[in-house]
Structure formats: structure tokens, C-alpha cells
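Since the structure comes first, as C-alpha cells, the remarks are kept for the end.
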Amino acid sequence: MLRTGSATFDGTITMRHHLLFATVAAVAGASSASANLLGDPGFEATALSGQQLATYYAGQSFGGAWTVAGGQVTVVPTTYTEGSGPPIVFNAHGGNNWLDLTGLGNAGPTDGIYQDIATTAGRRYDLSFYVGNADTDGNEATFYADPSTVNLSINGGAYTPFINADITENRDNWKFFATSFIASGPSTRIAFFNGTPLTDDANGVDDVSLTGGIPEPASWVLLVTGFGAVGLIGRRRQRTVAA
């Protein structure tokens, strides 16, 4: 026993509590890893309806989170339509809006957006998103004939293409993609660029999700060991009291 004034401290109990608190903190950290780390992930911060569009140009920020890396991009509401015989409906994957990486006129691979996220070096992060491909057999068919290609860049690295060649006639078809990376520092830039041919005027991105900060396997071993140590200390204390 350790005594300070009138207070009495049991060293065994103190150690047990330390281990318990550390273990709970680790579990809480793992739970928070499931939260989306991106701001405005579905491009819903821009209020649009009907035939309204919102176009942003290189250097501009929008949605309180994204910055246009180059060229131009356009936020499109799910109510927007073009053409006739029949018209094409540019529906979002989820919510009201989606982002067109070709902007108001496909300028090529310079069209893009990015967001800088606080990360922990050495930890894994999971990124997922939907790529939208527009197709129609109406009078706008020649403008929406190619597959949609979204180029992903992590921290200015090489492009990784994600291609959606699927079609839903006269609508946007949305295809899910997922990947992961290990953070190399305290900040990571997530960037999406247009990879769709100049002959096509739509390249959609929607419902982007970034989760992570997941500890590496060694950290999980430490976590499990912490639980075991808490239990062992508890059993030893019970035996001591019984004696």
C-alpha cells in the first residue's frame, strides 16, 4: 500500500486502471476510424434545383471542403435534364447533387478537385466513391458515348484510373469503387481528375468516403494484450483478497 495524507492508493488497482483506460482509448480510436473524414462528400453543400448548375474554376473552393485543381468542374442536381426523344436525366447516386469533372465543356485531364485531410503516418485509410457514366439514345447521344474514367491521385502521385463503362439508358449509371493507402505524413491530398475522352461531356463522382487511421496489426496485438493484462490483474487481486 502507498499512503499520501489520509488517502490510500493500491498500486495494483492503479496499474489495472491505467491498462483499462489505455485499452478503452484504443477501442474508441478504432471506432472513430469508421467516420467519414471528408467534408462535403456527396457535394450536397451547394443548393441546387431544376435546371440550375454550379460551375467552379481552377483555384476556387466550394462546399467548404473541395478545391478545383485545374480547369473547371460542375455540381449538378439530380433534377437536371438535357435533350429530347427522350431526354437524358442526370441523376445523382445519392442525395440531390453529384459532381461532373468535365465542367461545362470537357477540357481534358486538367479538370479536377482535391481535398487535404489530416492523417497519421503509417496508418491505413480506406477510400471509396462512385463513378457516373451518362448514356442516351436521344438527340444528345453523340455527346455521351464514351465510358467515364476518373483518375485518382494520392498526395500528387501517379494517376490510378477507375472506369465505368456500364450504361443505364437515358440516365446516369453509377459504379462503386474502393481502394486503400498507407499515409506517409500528417496530411494527405485526395484528388480526382477527369480521364474521360474529350468527345464525352459527362464524368461523374459522387458519395466519396474516406475512413481510417486504422492501427497496423502490431497495434491490435498491443490492444489484445492490454485486455488480457487487465483480466490477469483482476484475477490476481481476487486471489490476494481471498488469501
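Can you tell me which residue is most open to solvent (accessible area, probe 1.4 Å) among those in the range 51-65 that are assigned to a strand (DSSP E or B) and among the small types (Gly, Ala, Ser)? Once the filter is applied, the top-ranked residue is 61.
Quick one: in the range 181-192, of everything that is surrounded by fewer than 14 Cβ atoms within 10 Å (Cβ to Cβ) and among the hydroxyl-bearing types (Ser, Thr, Tyr), which residue is farthest from residue 88 (Cα to Cα)? Only one residue fits best here, namely 184. Would you be able to tell me the number of residues in the range 66-95 that are surrounded by fewer than 18 Cβ atoms within 10 Å (Cβ to Cβ) and not in a strand (DSSP E or B)? Of the residues in the range 66-95, 8 are surrounded by fewer than 18 Cβ atoms within 10 Å (Cβ to Cβ) and not in a strand (DSSP E or B). Scanning the range 161-171 for residues that are surrounded by 20 or more Cβ atoms within 10 Å (Cβ to Cβ) and either assigned to a loop (DSSP other than H, G, I, E, B) or of a type in the set (Val, Ile, Thr) (or both) yields a single hit, 170. Tallying residues that are buried (at least 16 other Cβ atoms within 10 Å of the Cβ), over 13 Å from residue 40 (Cβ atoms) and not hydroxyl-bearing (Ser, Thr, Tyr) within the range 96-106 yields 4. Among the listed residues 139, 151, 133, identify the single one that is at pLDDT below 95 and either buried (at least 17 other Cβ atoms within 10 Å of the Cβ) or part of a loop (DSSP other than H, G, I, E, B) (or both). Checking each option against the conditions leaves just 139. Only residues in the range 151-174 that are in contact (Cβ under 8 Å) with a residue 60 or more places away in the chain count as the first member; pair them with residues that are in a loop (DSSP other than H, G, I, E, B) and among the aliphatic types (A, V, I, L, M), Cβ under 9 angstrom, at least 6 apart or cross-chain, and list the lot. Note: pairs meeting the criteria are 172/92; 172/202; 174/92.
For the range 111-130, a residue qualifies if it is open to solvent by 10 Å² or more (accessible area, probe 1.4 Å) and part of a loop (DSSP other than H, G, I, E, B), and the qualifying residues are 119, 120, 121, 122, 123. Based on what the data block shows, is residue 118 modelled with pLDDT under 95 and touching a strand residue (DSSP E or B) at 6+ places or on another chain (Cβ under 9 Å)? No. When 12, 81, 23 are screened for being modelled with pLDDT under 95, more than 30 Å from residue 119 (Cβ to Cβ) and polar (S, T, N, Q), only 12 passes.
For residue 158, are the conditions met, namely being over 22 Å from the mean Cα position of the chain (by Cα), farther than 19 Å from residue 73 by Cα, part of a loop (DSSP other than H, G, I, E, B) and not basic (Lys, Arg)? So residue 158 does not fit the description; no.
The values are calculated or read from the model by the stated rules, or taken from the named source; none is laboratory data. Small disclaimer: the values here were computed from a predicted structure and weren't measured. So basically every Cβ, Gly included, is an ideal-geometry build from the backbone, and we count neighbours across all protein chains shown. When the accessible area is computed, the model is the full protein with side chains, heavy atoms only, and any ligands, DNA or RNA have been set aside. Shrake-Rupley method; radii C 1.70, N 1.55, O 1.52, S 1.80 Å.
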